[in-house]
Amino acid sequence: MEIDLLIEAAEWEGVDIEALAEIACPAALEEFGLDPSGFCISILACNDARISELNTEFRAKPVPTNVLSWPSEEIDLPLGRRPALPALDAAGPPHELGDIAIAYETCAREAAEQSKPVAQHVTHLLVHSTLHLLGFDHINDEDAQLMEGLETRILAKLGVPDPY
């Protein structure tokens, strides 16, 4: 999987977010039998101030959040809940799934509040946001249960305890 990582906040230096992304993002794709080598994700590792700007601009919520994601295209989830991605050309460039922004201070605070290592929480949020790029959401209870179940299963395969 091609991961285009931009680290904007120095605080991320203490967390190997590149290594976490190289494990978490492909694991979400593999859950659906997708070959990660055919995909690309861009990740912005930023601070609370930057993610607050993005949250204001894109969601009209002027507060920091842990992670935001922007799929490169709308993906309809069929009844079977497998992402309906376009056919991939193995010889062509990787399919761009979209962009993720993740904020260090919020992630670190949440990890401390939940008494878990920052790396585990970041891994969870990267899986979570990759599922968003694949078309999953948690707007209603049914979708939230589906998404949480997928996250728990994917994280278990990575040796990360159930975050819920």
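No lab work stands behind these numbers, since they all come straight from the coordinates. The structure displayed is predicted, hence computed values, not measured ones. Heads up, the Cβs are rebuilt from the backbone with ideal geometry, glycines too, and the neighbour counts pull from every protein chain shown.
Highest GNM mean-square fluctuation among Ala60, Ala103, Ala27, for the chain modelled with Cα contacts below 10 Å: Ala60. With Cα atoms as the point set, the radius of gyration and Dmax of the stretch 2-157 evaluate to 15.1, 46 Å. Which residue fluctuates the most in the chain, going by a Gaussian network model with Cα springs under 10 Å, if the choices are Phe39, Phe58, Phe136? Highest fluctuation of the listed residues: Phe58. Tell me the relative contact order for the chain as a rounded percent, counting alpha carbon contacts under 8 Å between residues six or more apart. Result for the chain is 26 percent. Largest mean-square fluctuation among Glu57, Glu30, Glu110, in a Gaussian network model of the chain whose springs join Cα atoms under 10 Å apart, belongs to Glu57. With each label modelled as a point 7 angstrom along the Cα→C-beta vector, the Ser37-Gln145 pair spans 3.9 nm.
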